Amino acid sequence: MDLTAGAPVRYSTPAGRWVLLATVLGSSLAFIDSTVVNIALPEIGRDLGSDAAGLQWTVNGYALSLASLVLLGGSLGDRYGRKRIFLLGVSWFALASLLCGLAPDVEVLIAARVLQGIGGALLTPGALAILEASFAAEDRSRAIGAWSGLGGIGGAIGPFLGGWLVEIGDWRYIFLINVPLALIVLLIAAKHVPESRNAAAARQIDYAGVLTGAAGLAGLTYGFTAWPEHGPGDPMVLLSLALGAGGMVAFVLVERRSPHPMLPLRIFGNKAFSGANLVTFLVYAANGGVFFLFVVNLQVVAGFTPLASGISLLPLTALMLVLSARAGALSQRTGPRILMTVGPLICAVALVMMSRIGAGAGYWVDVLPAVVIFGLGLSTLVAPLTATALGALEDSYAGIASGVNNAVARAAGLLSVAVLPLAAGLGGGNLTDAGQLHPVYRNTMLICAGLMVAGALLAYLLVPRRLPAHTPARSFCDPCAPPVQSPEGVRSAR
């Protein structure tokens with residue numbers, strides 16, 4: 001049985017609003033930081049004299065530690081208290097952000113970004129687990145829907161915030177602003193969020209799973225990032241890719257044999273859950289490429305200011321704010337398959353349009369139509385995708401389902417930033433040189449469009465028209481406990 005501080009809260013009460021506000025603001029720190037840095041990459045490159053690999057690692061250092069440790073963060077919350085680990089993550093994130101803002105060179109900045117990712121891995125899964133544990137069963141889906149929509153909006157608003165901060169000062173402000181925001185989250189959460197933990201969670205930590213998973217992601221990421229500069233025959237590139245592939249194989253073997261796995265592989269026997277996560281991987285790989293290069297291309301090639309390039313994505317934010325909840329409600333009536341198929345196809349059309357944005361592009365004619373269509377596609381897709389990933393398994397697996405989907409999305413974005421510039425023909429080029437950047441940008445957008453089409457096809461083939469009804473867990477606040485009846489719950493949605 002979970003241990004909680006008091007009775008479950010209701011969505012419509014002040015207590016429920018405070019819990020939702022704390023988790024949304026905390027999650028937004030990590031979500032926004034995934035995109036806000038991209039707008040400042042040209043300025044960081046010029047100020048610190050960084051090459052393309054350094055800029056890629058400024059993004060990937062954060063994503064690597066976040067993707068590698070997000071499952072561990074969820075496990076620690078279940079064991080030692082979700083509120084406690086959430087507060088630890090927010091505090092860690094704030095201190096790492098301060099170090100980023102004070103970094104004297106790109107090497108220190110990359111190291112600080114890795115530390116930031118650790119904080120994000122502690123706070124991100126804890127936010128959703130707190131919602132699961134705190135809200136009454138009848139209000140839980142509504143609270144998770146609000147968290148998902150608002151968190152997505154936080155990620156989308158990052159480029160605007162980054163552009164404004166770079167414009168009024170310098171790139172360091174995008175990190176330093178996290179410190180007062182984190183203090184607000186700490187004050188709200190400490191006072192209003194109840195503590196909870198899963199007393200049924202294993203006491204042991206899956207250290208072997210953590211190490212092999214991190215080694216696999218790190219090896220693949222370093223190898224693909226170093227490939228353009230050093231070539232595929234370089235010993236370090238070959239060694240890193242071999243280490244990455246071996247680490248991922250070892251991770252699967254460890255998780256199959258572990259009595260207390262960080263990632264119980266049996267949940268992938270559920271076709272809807274596996275399908276939703278495959279779609280997540282393709283879609284978020286495409287999104288990673290778009291948000292990494294789109295605003296950079298606007299500044300370096302099209303000549304937009306940092307603020308103008310950030311503002312260019314505001315329509316996307318507005319569309320997600322207005323339409324995400326409606327898409328979620330429509331998905332409940334029609335089933336997730338239709339929207340998860342149509343959404344990526346709309347995004348693919350937008351990305352083909354984005355690939356044509358080059359020198360002399362105008363906002364109203366060239367940029368806005370593509371951004372609006374992309375926003376419509378994401379608004380159609382994100383809520384049904386999240387709901388399917390969380391709802392495909394029995395209620396007792398909600399916490400695990402959330403952690404897996406989060407890790408898949410982060411790993412997809414991580415690998416896309418490493419691989420897509422290579423696949424698009426970057427070579428040893430410079431992302432701050434217009435002549436070298438534009439063909440890479442154009443090819444990347446077309447590759448991302450292909451990933452969206454592939455995601456739509458997988459959604460149509462693997463996601464059911466309707467998710468099955470599940471037997472509720474006996475405790476409203478035990479999302480990560482073993483199944484209530486038997487392991488058959490994992491297989492019921494095939």
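Pull out a ≥ b ≥ c, the square roots of the eigenvalues of the alpha-carbon gyration tensor of the stretch 207-259, then state rounded if a/c is under 1.5, prolate if not and a/b is larger than b/c, and oblate in the remaining case.
Since a/c reaches 1.5 and a/b is larger than b/c, the shape of the stretch 207-259 is classed as prolate.
Neighbouring Cβ atoms within 10 Å as the yardstick, rank 222, 80, 460 fewest first.
Ranking 222, 80, 460 by Cβ neighbours within 10 Å, fewest first, gives 80, 460, 222.
Under the classification rounded if a/c is under 1.5, otherwise prolate if a/b is larger than b/c and oblate if not, where does the stretch 214-290 fall, given a ≥ b ≥ c as square roots of the Cα gyration tensor eigenvalues?
Oblate, because a/c is 1.5 or more while a/b does not exceed b/c.
HN-Hα J couplings of the stretch 107-119 from phi, Karplus 6.51/-1.76/1.60, θ = phi - 60°, integer Hz, Gly and Pro as x?
After applying 6.51 cos²θ - 1.76 cosθ + 1.60, I find 5, 5, 4, 4, 4, 5, 5, 4, 5, 4, x, 4, x Hz.
For the stretch 233-354, state what percent of all Cα-Cα pairs lands in each successive 5 Å bin, counting from 0 Å until the bin that includes the largest distance.
2, 8, 10, 14, 15, 12, 12, 13, 9, 3, 1, 0
Hey, how many Å between the Cα centroid of the stretch 408-466 and the Cα centroid of the stretch 346-388?
For the stretch 408-466 versus the stretch 346-388, the Cα centre distance is 14 Å.
Using θ = phi - 60° and the Karplus relation 6.51 cos²θ - 1.76 cosθ + 1.60, list the HN-Hα couplings for the stretch 294-303 in order, rounded to whole Hz, with x at every Gly or Pro.
Per residue, the Karplus-derived 3J(HN,Hα) values read 4, 6, 5, 4, 4, 7, 6, 9, 7, x Hz.
So who's got an amide H within less than 5 Å of the one on residue 135, skipping anything under 5 residues away but keeping other chains? H placed 1.01 Å off N, in plane.
The list, which skips near neighbours in sequence, is 9.
Tell me, what ³J(HN,Hα) does each residue in the stretch 432-439 have, in order and in whole Hz, if you take phi through Karplus 6.51 cos²θ - 1.76 cosθ + 1.60 with θ = phi - 60° and put x for Gly and Pro?
So the Karplus estimates, Gly and Pro as x, are 9, 9, 4, x, 7, 6, 4, x Hz.
Each value in this text was obtained by applying a stated rule to the coordinates, not by laboratory testing. What you see is a predicted model, and the numbers here were worked out from it, not measured in a lab. Don't worry about glycine lacking a Cβ; one is built from the backbone with ideal geometry, like all the others, and counts go over all protein chains shown.
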